[in-house]
Amino acid sequence: MYMSMENEVSGTDLSLKLLIVLSRAHRAIMDRVTEDMRSYGLNPTEFAVLELLYHKGDQPIQHIGKKVLLASGSITYVVDKLEDKKLLERKPCPDDRRVTHAVITEMGKEWMGTIFPKHHKAIQEIFGGLDESEKETIIPLLKKLGYYAKDVT
């Protein structure tokens, strides 16, 4: 009985340690990623919206929030800012007047074509502390942890 109690405490300690290590790693990574995005004159949300449009094409404004993990109330503000910068524009949906699409402009495409490869390189450098094998190991483990945490009641 004492042994299992000891293992439980040890497991709890490991869970707390994992939380701290994961949180610190996440903070360090996101600080560097955010710094890179800001170097292009964009905040992380603006960058995420622009990247979505660049890689996935036109998007209904109402659906962007779910795809870039942003509250729907903030989408209008971000789209307005990107529109002011001439990087995207709004276009009404021809099939449904209630829907408006965010569309990346030619200037936005050209700009993302210039900055995204640099951003991609920065991401590679940030994760350069792990070799390919370690990345292949950690990805499924983090997915497993995320799914489990999401489903825990």
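Computed from the coordinates by the stated procedures, all read-outs in this text should not be read as laboratory data. Here the structure is a predicted model, which means the values were calculated and not measured. Don't worry about glycine lacking a Cβ; one is built from the backbone with ideal geometry, like all the others, and counts go over all protein chains shown.
So here's what we get for this one:
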read-out: GNM result for the chain, Cα springs below 10 Å: residue of 100, 137, 76 fluctuating most strongly; value: 137
read-out: Full-extension gain in nm, residue 138 to residue 110, via 0.36 nm per residue minus C-alpha separation; value: 6.7 nm
read-out: Net charge, residue 47 excluded, C-beta distance under 13 Å - Lys, Arg +1, Asp, Glu -1; value: 0
read-out: The chain: relative contact order in percent, alpha carbon pairs under 8 Å with at least 6 residues between; value: 20 percent
read-out: Cβ-based net charge around residue 24, under 14 Å, with every Lys or Arg adding one and every Asp or Glu removing one; value: +2
read-out: Simple Cβ-charge dipole of segment 11-152, Lys/Arg +1 and Asp/Glu -1, about Cα centre, in debye nearest 20; value: 300 debye
read-out: Lys/Arg +1, Asp/Glu -1 at C-beta; segment 11-152 dipole; positive extreme among 102, 53, 113; value: 102
read-out: Among 113, 73, 57: highest mean-square fluctuation, GNM of the chain, C-alpha pairs under 10 Å; value: 73
read-out: Selected from 54, 40, 77 as most flexible by GNM, with the chain as the system and alpha-carbon contacts under 10 Å; value: 77
read-out: Sequence-distant residues sharing a close amide H with residue 101 (under 5 Å, placed H); value: 61, 91, 93
read-out: Fully extended contour minus Cα-Cα distance, from residue 126 to residue 81, at 0.36 nm per residue; value: 13.4 nm
read-out: Kyte-Doolittle mean at least -0.5, axial Cα span of 15 Å or more - DSSP H helices of the chain; value: 2-38, 44-56, 72-84
